[in-house]
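Sharing a structure, written as structure tokens. Questions coming.
The values are calculated or read from the model by the stated rules, or taken from the named source; none is laboratory data. Everything quoted here is computed from the prediction, not taken from an experiment. Cβ placement follows ideal geometry from the backbone for every residue including glycine, while neighbour counts extend to all protein chains displayed. Accessible surface areas use protein heavy atoms only, side chains included; no ligands, DNA or RNA. Shrake-Rupley method; radii C 1.70, N 1.55, O 1.52, S 1.80 Å.
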Amino acid sequence: MPPWLAGLNAPQLQAVTTTEGPVLILAGAGTGKTKALTSRLAHIVFNRLAWPSEILAVTFTNKAAREMRHRTEMLVGDMAEGMPFLGTFHAIAARMLRRHAPLVGLDANFTILDTDDQHRLLKQVIIEAGLDERRWPAKQLAGQIDRWKNRGETPAEVPPGEAMSFGEGQATGGRLYARYQERLVTLNAADFGDLLLHMLVIFARHPDVLADYQRRFKYILVDEYQDTNIAQYRWLTQLAGTRHNIACVGDDDQSIYSWRGAEVANILRFERDFPGATVIRLEQNYRSTPHILAAANGLIAHNKGRLGKQLFTQEAAGEKVSVVGVWDGPEEARLVGDKAEQRCRDGARLDRMAILVRAQFQTREFEDRFIAIGLPYRIVGGFRFYERAEVRDALAYLRLIASPNDALAFERIVNVPKRGLGDKAMQTLHAAARAMDRPLPRAAEAIVDTPALTAGARRALKTLVMDLDRWRALAETTPHPELARIVLEESGYVAMWQADKSPEAQGRLDNLIELTRAMEDYPSLTSFLEHVSLVMDNEASDAAEKLTIMTLHAAKGLEFDHVFLVGWEEGVFPSQRTLDEGGSAALEEERRLAYVGITRARRTATILHAANRRVYGQWTASIPSRFVSELPLDHVEVTSTLSGGPSLWRAALQGHADPFAHVAESRGSGAGAGRGPGWNRAASGGFAAARNTAPAIDVRASAVSVGLKGRSDVAIGSRVFHSKFGEGVVTAIEGNKLEIDFPAAGPKRVLDSFVEVRR
């Protein structure tokens, strides 16, 4: 038997040897899809069904492309050499575009802009149009243009409603997009989205070019087909031509990237796009235990938009999936730490364990707990909480209050938010500090009343120096969490992010709220800053084994022996913000994300949910995620640290909501013992007013919902503007949630903080 066929199970063998016609390989988690894909490639090459240059093999990442090439070479040796069209979508499209660049007004040596260059060029376009770049930031426009290019839309093809979604007056997003494309041609440049978009334009305008590629590519292989966007889908289907020798490998149950343009519909309609297609299901899992797979199968079966498959394994049964109810977030972190240490005592390796979170804010309590008990960990797929830019800015203000000579902290915030203290002012400050042999903050105090700086710079610097002195005096009588809130408000730092229209701005405000909440667990500002230093030093630890903390999105494609799935509560997972914006389609994607999380586990999966959680500073009484109730009882072990015991949480698994009514009442009136702050970019009273707003608990048939009071300037019939959906009319209001009819996008449910009222 040829080496590339050895060890394949029957469906894998079929996927490798069915070479003619369209083939969809539905590869479940852990079913050996990479082995099947590379074996298919080797089978085509070795049997001389096509020359290596006549095969188009597309992946999403350079790592996956290298792995595919390496495995193929291991199977067939030198015959795998000379495969110029094995790589990522962008790499292959760039290779094609350099050959045909003059057809879209570019030279073959065009430059591919990185994100920073793209944003700088867009900033020029925005300013040229007479817009305030602070109100209409380049990053926001870049995101909108990226969405259009992901759909394969040129400026002329953007829907009219969406074309009005950025800017004001005649400077609409569509016009700015067109101007940006003109500037790119002038600069002989393209961004990443252009690589595919330009090829689609060339295919449409020059059918001979498309026909040439259709003749060239006898076989097309696509990895992770469920993650393709519309532009990639159009590019692939056009290249498949009339031969239709296209084999796509993917898993509709693992499509979790709609927020970056992926369309699960691409894989769901494969059989309509290619009539007579062969569909092969890889369902034998080589990773997880039967209980883990049964739990995952039972959960994902609740999705309607799927092709359907049933994972199975020949492994031993192993432990049931554990579902644990805890009182609050800190107890969740303690319990996970204890279980991880116990697993280590039983012989497990720490580097084969993972905590998977839905949102980045959830990592902080685990970081704090693991530092306290000395458990080595690492954050993967994102910044550690205290490394995020907005958190480091806030910490710099606090460090300056605690240590007036901290020059590094002073330099970080002296012009954040912008105070007119640019490079020249900083050069003058540094020169003065060297001449006086003083730390930078002390030198600043000495020159604020001298002519060394311009009048504007002197005023700005003097205001900052006086503010710092006032905050230090306030620190003697004010609790340090409250002091932090005051500093962030009065410095203008919160206002800076409230004015930012980028999609990330609200998340940054959320992180600042979480930071001030974290300070409440420490007796003083000094002790808190010492704790942060310990957390930041964790990465320098030489421990060979570290527990991994990462988001569910970042975990796709990975596996661990022991997985802790935390924060499975309504509103956290599934994410309420995601559901408000995406409705039923978003719920199905959230469920796919839960499926991905469970199937990362090889030996054990532990799901945790808290009866109370502080989300961005606000106590919320919670019930288990609806995903908990969708798990099959025969494969789940339910426990709880709460009064009422496992029976309370087993009721949730059986779909009964009434037993959870007392959860909201157990913390008294309101949302709980404490009132957390809430920065909202639309809040009329600023941070101080939001700080005094307690959420109201509403116990209903199947959930405990926590809602903030809605805006006073929005009413039914109000005309509003949303950065993604354009202009619309409010048709219903529920707390801070709005039902809006958008002419360009249809009816949507959005939070009131994401819209502007049009007068």
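What do you reckon, how do R603, R442, R470, R343 stack up by accessible area (1.4 Å probe), largest on top?
Of R603, R442, R470, R343, the descending order of accessible area is R603, R470, R442, R343.
Explain nothing, just compute: Karplus ³J(HN,Hα) = 6.51 cos²θ - 1.76 cosθ + 1.60, θ = phi - 60°, for every residue of the range 238-248 in order, whole Hz, x for Gly and Pro.
5, 5, 5, x, 8, 6, 6, 7, 10, 10, 10
Run through the DSSP bridge list for the chain and note the antiparallel percent, rounded to the nearest 5.
Counting DSSP beta bridges with both partners in the chain, the antiparallel share is about 35 percent.
Say each of A585 and E341 gets a label point 7 Å from the Cα, pointing the same way as Cα to Cβ; how far apart are those two points in nm?
If labels sit at A585 and E341, their model points lie 4.7 nm apart.
Still on this model: If R₀ is 45 angstrom, what is the calculated FRET efficiency for the pair K304 and E128, using the beta carbon separation as r and rounding to 0.05?
0.40
Okay, next question. How big is the Cα convex hull of the range 342-412 in projection, averaged over all directions, in nm²?
Computing the convex hull of the Cα atoms and averaging its projections yields 6.2 nm².
Given R₀ = 45 Å, what would the calculated FRET efficiency be for T526 paired with E504, taking r from the Cβ atoms and rounding to 0.05?
0.90
Which of the GluC sites (Glu not before Pro) across the range 451-499 are loop residues per DSSP, with 11 or fewer other Cβ within 10 Å?
E476
Could you tell me which of rounded, prolate or oblate describes the range 423-512, using a ≥ b ≥ c as the square roots of the eigenvalues of the alpha-carbon gyration tensor, with rounded for a/c under 1.5 and, failing that, prolate when a/b is larger than b/c and oblate otherwise?
In terms of gyration-tensor shape, oblate.
Determine the gain in length on full extension of the stretch R205-T115; use 0.36 nm per residue of separation and subtract their C-alpha separation, reporting nm with one decimal.
Difference between extended and current length: 29.5 nm.
Taking a quarter of the surface of the Cα convex hull of the range 456-599, what do you get in nm²?
13.1
Between the range 550-586 and the range 182-202, what is the separation of their alpha carbon centroids in Å?
35
Using modelled amide H (1.01 Å from N, peptide plane; none on Pro or chain starts), what sits under 5 Å from the amide H of L282, excluding residues fewer than 5 places away?
Result for L282 returns L26, A27, G28.
Please list the radius of gyration and Dmax for the range 143-205, considering alpha-carbon atoms only, with Å as the unit.
Answer for the range 143-205, Rg first and Dmax second: 11.5, 35 Å.
Checking the cross-link filter: which lysines have an alpha carbon closer than 17 Å to that of K748, excluding same-chain neighbours under 8 positions apart?
Within reach: K724, K737.
Sticking with this one: When you have a sec, figure out the Kirkwood radius of the range 363-474 from all distinct Cα pair distances and drop it here in Å to one decimal?
15.7
To continue, here is another question. Might you report the magnitude of the Cβ-based charge dipole of the range 204-264 about its Cα centre, with Lys and Arg at +1 and Asp and Glu at -1, to the nearest 20 debye?
In total the dipole reaches around 500 debye.
Sticking with this one: Mean residue ellipticity at 222 nm from the helices of the chain, using -39,500 (n - 2.57) per DSSP H segment of n ≥ 4 over the full residue count, to the nearest 500 deg cm²/dmol?
When only DSSP H runs of four or more count, the value is -13500 deg cm²/dmol.
Provide Rg over Rh for the range 580-637; use the alpha carbon set for both Rg and the Kirkwood Rh (inverse mean inverse pair distance).
1.01
Positive end of the charge dipole of the range 411-461 (Lys, Arg +1 and Asp, Glu -1 on Cβ, about the Cα centre): tell me which of A431, P451, L461 has its Cα farthest that way.
Going by the charge dipole, the pick is L461.
Tally Lys and Arg at +1 and Asp and Glu at -1 over the other residues with C-beta under 15 Å from the C-beta of F274: what net charge comes out?
Overall, the nearby charge balance is +1.
Work out the length of the dipole vector of the chain about its Cα centre, built from +1 on the beta-carbon of each Lys and Arg and -1 on the beta-carbon of each Asp and Glu, and round it to the nearest 20 debye.
Here the chain has a charge dipole of around 940 debye.
Can you pull the one-decimal nm distance between simple spin-label points at Q314 and R472, each 7 Å off the Cα toward Cβ?
My value for the distance between the label points is 7.3 nm.
OK, next. Which one, Q576, C248, I716, is farthest towards the positive end of the dipole of the chain when Lys and Arg carry +1 and Asp and Glu -1 on their Cβ?
C248
Within the chain, what whole-number % of the accessible surface is contributed by carbon and sulfur, with the 1.4 Å probe and all protein chains included in the calculation?
50
Using +1 at the Cβ of each Lys and Arg and -1 at the Cβ of each Asp and Glu in the chain, identify which of T61, F366, F564 lies farthest towards the dipole's positive end.
Final value for the positive-end residue is T61.
Indicate the gyration tensor shape class of the range 200-285 (rounded, prolate or oblate), computed on the Cα atoms with a ≥ b ≥ c the square roots of the eigenvalues: a/c under 1.5 is rounded; otherwise a/b larger than b/c is prolate and the rest oblate.
Oblate shape, in that a/c is at least 1.5 and b/c is the bigger or equal ratio.
Taking the Cβ of A354 as the center, what net charge do the other residues with Cβ under 11 Å away carry, scoring Lys and Arg +1 and Asp and Glu -1?
Result for the local shell: +2.
Using each residue's phi in the range 443-460, evaluate 6.51 cos²θ - 1.76 cosθ + 1.60 at θ = phi - 60° and report the 3J(HN,Hα) Karplus result to the nearest Hz, with x for Gly and Pro.
5, 4, 4, 7, 9, 5, 10, 10, x, 5, 10, 5, 4, x, 5, 4, 4, 5
Could you tell me whether the range 70-112 comes out rounded, prolate or oblate from its Cα gyration tensor? Rule is a ≥ b ≥ c as square roots of the eigenvalues, rounded for a/c under 1.5, then prolate if a/b exceeds b/c, otherwise oblate.
prolate
Just need the relative contact order of the range 471-616 here, percent rounded to a whole number, with Cα pairs under 8 Å and 6+ apart.
It rounds to 24 percent for the range 471-616.
What list of ³J(HN,Hα) values in whole Hz, one per residue of the range 43-60 in order, does the Karplus curve 6.51 cos²θ - 1.76 cosθ + 1.60 (θ = phi - 60°) give from phi, with Gly and Pro shown as x?
4, 5, 5, 5, 7, 6, 6, 7, 6, x, 6, 9, 10, 9, 10, 10, 10, 9
Out of residues 5 or more away from R602 or on other chains, whose amide H comes under 5 Å of its own, with H placed 1.01 Å from N in the peptide plane?
Those lying under 5 Å, H to H, from R602 are F560, D561, H562.
Near the amide H of W619, under 5 Å away, which other amide H atoms are found, from residues 5 or more places off or on another chain, if H is placed in the peptide plane?
G676
What does the charge count near F721 come to, summing +1 for each Lys or Arg and -1 for each Asp or Glu among other residues with Cβ under 10 Å from its Cβ?
For residues surrounding F721, the net value is -1.
Something else: Under 8 Å for C-alpha pairs, at least 6 residues apart: give me the relative contact order for the chain, rounded to a whole percent.
With pairs under 8 Å counted, the relative contact order is 14 percent.
State, as an integer percentage, the relative contact order of the range 432-505 based on alpha-carbon contacts under 8 Å between residues 6 or more apart.
16
Rank-order 409-418, 711-720 by packing density, defined as the average count of other C-beta atoms within 10 Å over each peptide's residues, highest first.
Order by mean packing, descending: 409-418, 711-720.
Using only Cα atoms, locate the centre of the range 215-288 and the centre of the range 504-538, then give the distance between them in Å, rounded to an integer.
44
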